[in-house]
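Everything below concerns the one structure shown next.
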Amino acid sequence: MKDQWNERYSAEAYVYGEEPNEWLKSQLLGMPPCRILFPAEGEGRNAVFAAGLGFDVFAFDISEIARDKALQLAAKHKVNLNYEILDVAELSGCYSENSFDAIALIYAHFSSGIRRTYHRELLRLLKPNGLLLIEAFTKKQLPLTSGGPKNESLLYEVNEIEIDFAEAEMQHVLEYEVDLNEGLLHRGKAFVLRGVIRK
């Protein structure tokens, strides 16, 4: 898995672009700066944007190349990131319970066999009243070429997210048809879900 992502990020270009995800951008602009975690953050576009707004940013990914590119992007924008090389399965040994005000899960796709466990572990890291922001591809995305996994078990449905985070308050979890323009690999019509979930 690590080799696959290192290969994907080995191109000189930022494969998902250098600009933040548009929906996440709109959410962060409406929030006071706080301590925020970006799991599976890749090349850092979202974390760097948040840091530029004054957020105390923590991020992780399994890819060393992704981290290196994220830190280069941070240097370009003169911001600081706390970026770890980490698998989601190792979360409990790295971050403490109730340690983040917000978590941003942007296209962090986990297989159906482990997804619920990982989502609940992430929820554990949120402080009471903390927010989890999620954007991910739905199963309608499977036949499209605009991005996302080509394995249905890695794609999500709204009801699955509602079950995964059943202990939290679903403030907003809906499916959308959108037009993506994020670097080389997210381009064109896509089906995504977007959620705002409060612990």
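The values are calculated or read from the model by the stated rules, or taken from the named source; none is laboratory data. Computed from a predicted model, the values in this text were never measured in an experiment. Positions of Cβ are backbone-derived with ideal geometry, glycine not excepted, and every protein chain shown enters the neighbour counts.
Numbers below:
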{"item": "Number of positions in the range 5-51 that are under 16 Å from GLY147 (Cβ atoms), out of contact with any strand residue (DSSP E or B) (no Cβ under 7 Å at 6 or more places or on another chain) and among the aromatic types (Phe, Trp, Tyr)", "result": "3"}
{"item": "Qualifying position, being within 27 Å of VAL173 (Cβ to Cβ) and of a type in the set (Gly, Ala, Ser), among SER111, SER63", "result": "SER111"}
{"item": "Options LEU125, LEU105; residue that is in contact with a Ser or Thr (Cβ under 8 Å, 6 or more places away or on another chain) and either surrounded by fewer than 18 Cβ atoms within 10 Å (Cβ to Cβ) or touching a residue at least 40 places away in the same chain (Cβ under 8 Å) (or both)", "result": "LEU125"}
{"item": "Residue identified as closer than 20 Å to GLY42 by Cα, acidic (Asp, Glu) and surrounded by 14 or more Cβ atoms within 10 Å (Cβ to Cβ) among GLU160, GLU135", "result": "GLU135"}
{"item": "All positions within the range 7-44 that are acidic (Asp, Glu), part of a helix (DSSP H, G or I) and under 20 Å from HIS119 (Cβ atoms)", "result": "none"}
{"item": "Pair list, Cβ < 7 Å and 6+ apart or interchain, from the range 85-102 residues that are within 14 Å of ASP61 (Cα to Cα) to residues that are of a type in the set (Lys, Arg) and surrounded by 14 or more Cβ atoms within 10 Å (Cβ to Cβ)", "result": "ILE85/ARG67"}
{"item": "Test: residue in the range 74-89 that is farther than 19 Å from GLY44 by Cα, surrounded by 13 or more Cβ atoms within 10 Å (Cβ to Cβ) and more than 17 Å from the chain's Cα centre (by Cα)", "result": "no"}
{"item": "Breaking point among (1) out of contact with any strand residue (DSSP E or B) (no Cβ under 6 Å at 6 or more places or on another chain); (2) at pLDDT 95 or above; (3) of a type in the set (Gly, Ala, Ser); (4) part of a helix (DSSP H, G or I), for ALA70", "result": "(1)"}
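Conditions (1) closer than 23 Å to VAL88 by Cα; (2) crowded, with 23+ Cβ neighbours inside 10 Å; (3) not polar (S, T, N, Q), marked per residue:
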residue: SER10; (1), (2), (3): yes, no, no
residue: TYR14; (1), (2), (3): yes, no, yes
residue: GLU22; (1), (2), (3): no, no, yes
residue: MET31; (1), (2), (3): no, no, yes
residue: GLY42; (1), (2), (3): yes, yes, yes
residue: GLY54; (1), (2), (3): no, no, yes
residue: ASP68; (1), (2), (3): yes, no, yes
